[in-house]
Amino acid sequence: MSDVRPENMERITTKALADAFIEEQIAAIKEQVGDKKVLLALSGGVDSSVVAALLIKAIGSQLTCVHVNHGLLRKGEPEMVIKVFREELGANLIYVDAVDRFLDKLAGVSDPEQKRKIIGAEFIEVFAEEAAKLEGIEFLGQGTIYPDIIESADGVKAHHNVGGLPEELNFELVEPVKLLYKDEVRVVGSALGLPDSMVYRQPFPGPGLGVRCTGAITRDRLEALREADAIVREEIAKMDKTPWQYFCVIPDVQSTGIKDGKRYMGWPVIIRAIDTVDAVTAEAVELSWKQLTTMRDRIIETVPGVNRVLWDFSDKPVATIEWE
């Protein structure tokens, strides 16, 4: 499959179109993989979940899913992935605790592109190690989608799902949704029978909270981000119509505050909520003052190290959805 989406390719908006795509991809996967085995990076996000479901339909037990906890996941996410995929869907799932391994390598690294490359390279190392323990792994499944390819080609940012693998690994990529936009991936996921709680989950970048804990990652700021993010997602999820994506960022900057009558240096939490169709452009979503103050109060009162809450209402372009 080419990395360029044909101009006449019909957008997948209905179950019928999704079913046709699924049938086509199952045939393509079977032809590509044959009787070999596939290793899939299963983050639990929409893209990797849909790819997992496609691969299970196409090749069943030939698929081994690997969930890597790199310490950059959202609150409760590793536990949820294990519950949904291993316990409910019966996937062949390997859980890898690599928190210290990733965070030690990222210590002191502030350049966004270097951070992404470290995270991506470490993923490859983890998969290589897991593959070495398994017989017959020749393919690596990936949840690359079309905006990843567009942004990488345009030099906007590097994506861990784009660029191929080191030759010595001898893995061939299986990327069944790489010509789809995010909204199409969701339609396909629903047609595959995945639960709405999975299909309509918040989009989450491959490097995880690593691109939302901007600058050089520290464990205390990362933990503050994880807690603040859980609050933001919980509060915004109460809206009648939730935005396409909502999260928060904690930049590597401190400002003066006051707490218990004393000077208190703390980080700002920056709230972001956007709507988009294809993730190529995006518009900021209006949040009510009550929502903002509720999130502000909960974050300030419960998240150590934070003394300000800000709202990012920038559109894309010129701002990207993520900060790094």
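Things to note:
- Checking Phe102 against (1) buried (at least 22 other Cβ atoms within 10 Å of the Cβ); (2) part of a strand (DSSP E or B), the condition it does not meet: (2)
- Residues satisfying the criterion are absent from the stretch 314-323 (criterion: of a type in the set (Gly, Ala, Ser) and modelled with pLDDT under 95).
- Filtered residues of the stretch 42-64 (kept if in contact with a helix residue (DSSP H, G or I) (Cβ under 6 Å, 6 or more places away or on another chain) and in a strand (DSSP E or B)): Leu63
- The residues of the stretch 232-252 that are among the basic types (Lys, Arg) and either surrounded by 11 or more Cβ atoms within 10 Å (Cβ to Cβ) or farther than 30 Å from Val46 by Cβ (or both) amount to a single one, Arg233.
- Some residue of the stretch 253-265 being loosely packed, with under 14 Cβ neighbours inside 10 Å and closer than 17 Å to Asp312 by Cα: yes
- Neighbours by Cβ (under 6 Å, 6+ apart or cross-chain): first from the stretch 230-243, farther than 14 Å from Lys290 by Cα and free of Cβ contacts under 8 Å to residues at least 12 places away in the same chain; second of a type in the set (Lys, Arg) and not in a helix (DSSP H, G or I): none
- Residue within the stretch 288-300 that is in contact (Cβ under 8 Å) with a residue 12 or more places away in the chain and closer than 28 Å to Asp148 by Cβ present: no
- Residue check for Val33: touching a helix residue (DSSP H, G or I) at 6+ places or on another chain (Cβ under 6 Å), surrounded by fewer than 22 Cβ atoms within 10 Å (Cβ to Cβ) and aliphatic (A, V, I, L, M): yes
The values are calculated or read from the model by the stated rules, or taken from the named source; none is laboratory data. Everything quoted here is computed from the prediction, not taken from an experiment. Positions of Cβ are generated from backbone atoms using ideal geometry, with glycine treated the same way; all protein chains shown enter the neighbour counts.
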